[in-house]
Amino acid sequence: MVFSSHIFLFYFLPLALAVYYLLPRRAKHLGLTALSYGFYGWSNPLFVLILLTSTVVDYFCGLIIAQRGLFSDNRPMRELKPGGDRTRRQKAALAVSITTNLALLGFFKYFNFAVENYDLLLTWLGLEGLRLDTALRITLPLGISFYTFQSMSYSIDVYRGQAKALRNFIDFACYVSMFPQLVAGPIIRFREVSSQLLQRSHTLEKFSRGVAFVSLGLTKKILLANPCGKVADMVFDAGSITTLQAWHGAAAYAFQIYFDFSAYSDMAIGLGLMLGFVFPKNFDSPYLARSMTDFWRRWHISLSTWLRDYLYIPLGGNRKGPGRTAINLALVMLLGGLWHGAAWTFIIWGGLHGLLLGLERIRGKTSPYHRLPVPVQVALTFVLVLFTWVFFRAEDLPSALTYVGTMLGLGQTLAGAGLLDGLIYQPYYLGTFLLAAAVTWACPQTWDWTRRITLTKCMIILLLLVLAVAVLATQAFNPFIYFIF
């Protein structure tokens, strides 16, 4: 089920809110969990079994790590001492949690990729007879990259002594499966909402701000992301393009993925507020970044902080000198690229970001780059991001390399390439492109703009919501980009 669909906006969401608020306090989490499982199983009920498996394993592992039995020892849960010694049983429970989640993610997300590359390698070695050529293809469950990371963070936080384990299974199942952020994040770490699962407030201020988040998120998705996506699709799918068209298509995709994913994050945060939860910010004007390091402080914040806290710092972080720091950054970003998708293009995308982050860390503030005017730093960073987005968007590696070559003026343009101008520079698409640029670099973030809702803002939000719903009726099914991750 997609947030930007009539069935969600006019049927599921009103039903979910009515059920949630009519239920007594003790039953709210049970009702929300049931609604979330229904939401997740809408496209394929079998996906629910994978979600349930991850939830059950991490719940019991959390109890073991907290040294509590399921049916005994009813004392309140206590946090373990950070940095304290852990028993073999606790270490084994953490290992089971991490192994199970990574095994689920690895099998369902990377099985097809592994088989394809295995067969290609055997063909290259002249051993075609050993190819698998299997007819079995694994369907990628929606949101598995998000909820496995989220569920895993619970076991790790409890093990580290940064959060108390939950004794109530329904509370934990509610945390893992909450429909606002289940399919495409943000990745809500357990310690960020652990206290809210036990007690939270439901206020008109929260609810109204949540409505504003949902309305503005829907507006960004329908009025900005989707039209920019149409332009990007036309350019990336064209048989031959000019250098100018290549740059325009890359910029259109940069706007598409930003407004598409930030729109989903806005709607997730808004839905959480409507249910009484406060989720952390996931975007902070990333295209205003002055460096790649700054970009990752602003882009997909929930993932970058997850990778920092659970991977980069355990690898040694920046504690072992600039060289080792650069290696750690490269490894983390390679894995981050692989997390996004099972393809060499994603791995290269992550590798490029890791390389750029490592170079920035090695040069430090001694680099001449930091003496440039701020607008120049922002522009250069955006250009670097554009080049990396090509690998993220392209169908395969040869296509990505050809596209980058065209951006650099090295491609061979056929005579009919100019016909594409008549499609991508239509007044509607060009106007949307310019509007997306204006919103990107001149408008405040939803998080900041909705801190105080005035009457004028209410009228603007209502107008944008009506316009977005009206345009939604004219658009074909267009899921969020991060649904495939």
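Readers should treat all values here as calculations from the given coordinates under stated rules, not as data from a laboratory. Remember, predicted model here, so these are calculated numbers, not experimental data. Here the Cβ positions follow ideal geometry from the backbone for every residue, glycine too, while neighbour counts run over all protein chains shown.
Worth pointing out:
- Farthest toward the positive end of the dipole of the chain, out of 146, 195, 359, is the Cα of 195, where the dipole comes from beta carbon charges about the Cα centre.
- Straight-distance crosslink candidates among lysines, where the alpha carbon sits under 30 Å from residue 320 and sequence neighbours closer than 8 are dropped: 81, 91, 365
- Taking max minus min of the alpha-carbon positions on each principal axis, segment 6-199 gives extents of 64, 52, 27 Å, largest first.
- Cα-centred dipole magnitude for segment 6-199, charges only on beta-carbon of K, R (+1) and D, E (-1), debye, nearest 20: 980
- In this label model, residue 131 and residue 102 are separated by 3.2 nm, measuring between points 7 Å along each Cα→Cβ vector.
- Cβ charges +1 (Lys, Arg) and -1 (Asp, Glu), total dipole of segment 330-485, debye: 640
- Computed from label points 7 Å out along Cα-Cβ, the spacing between residue 383 and residue 288 is 2.2 nm.
- The residue 421 and residue 116 beta-carbon pair, evaluated with R₀ = 35 Å, returns a calculated FRET efficiency of approximately 0.45.
- The charge dipole of the chain, taken about the Cα centre with unit charges on the Cβ atoms of Lys, Arg (+1) and Asp, Glu (-1), comes to about 2180 debye, rounded to the nearest 20.
- Scaling against 2.2 N^0.38 Å puts the C-alpha radius of gyration of segment 249-398 at 1.08.
- Qualifying lysines (Cα of each under 19 Å from Cα of residue 28; at least 8 residues distant if same chain): 206
- For segment 179-186, 3J(HN,Hα) computed residue by residue from phi via the Karplus equation (6.51, -1.76, 1.60; θ = phi - 60°) reads 4, x, 10, 5, 8, 9, x, x Hz, glycine and proline entered as x.
- If you take all other residues with their beta carbon under 13 Å from the beta carbon of residue 436, and give Lys and Arg +1 and Asp and Glu -1, the sum is +2.
- Fully extending the segment from residue 473 to residue 139 would add 117.3 nm, taking 0.36 nm per residue of separation and subtracting the current Cα-Cα distance.
- Centre-to-centre separation between the Cα atoms of segment 372-414 and those of segment 151-196: 38 Å.
- Radius 14 Å from Cβ of residue 464, net charge of other residues (Lys, Arg +1; Asp, Glu -1): +2
- Per-residue ³J(HN,Hα) for segment 277-288, Karplus 6.51 cos²θ - 1.76 cosθ + 1.60, θ = phi - 60°, Hz, x for Gly and Pro: 8, 10, 8, x, 5, 10, 9, 9, 6, x, 7, 9
- As an equivalent ellipsoid, the chain spans semi-axes of 36, 30, 24 angstrom, where each value is the square root of five times an eigenvalue of the C-alpha gyration tensor, largest first.
- Under Karplus coefficients 6.51, -1.76 and 1.60, residue-wise ³J(HN,Hα) of segment 303-315 in Hz, glycine/proline x: 6, 4, 6, 4, 5, 5, 6, 10, 9, 5, 5, x, 6
- Ranked packing of 119-128, 145-154, most packed first, by mean Cβ within 10 Å: 145-154, 119-128
- By the combined test of axial Cα extent (at least 20 Å) and Kyte-Doolittle hydropathy (mean at least 0.0), the qualifying DSSP H helices of the chain come to 47-65, 88-124, 144-160, 204-219, 243-274, 321-340, 344-363, 374-393, 427-442, 455-472.
- Estimated FRET transfer efficiency (residue 92, residue 52; beta-carbon r; R0 25 Å; 0.05): 0.65
- Straight-line cross-link reach from residue 230 at under 18 Å between alpha-carbon atoms covers these lysines, not counting any fewer than eight positions away in the same chain: 220, 221.
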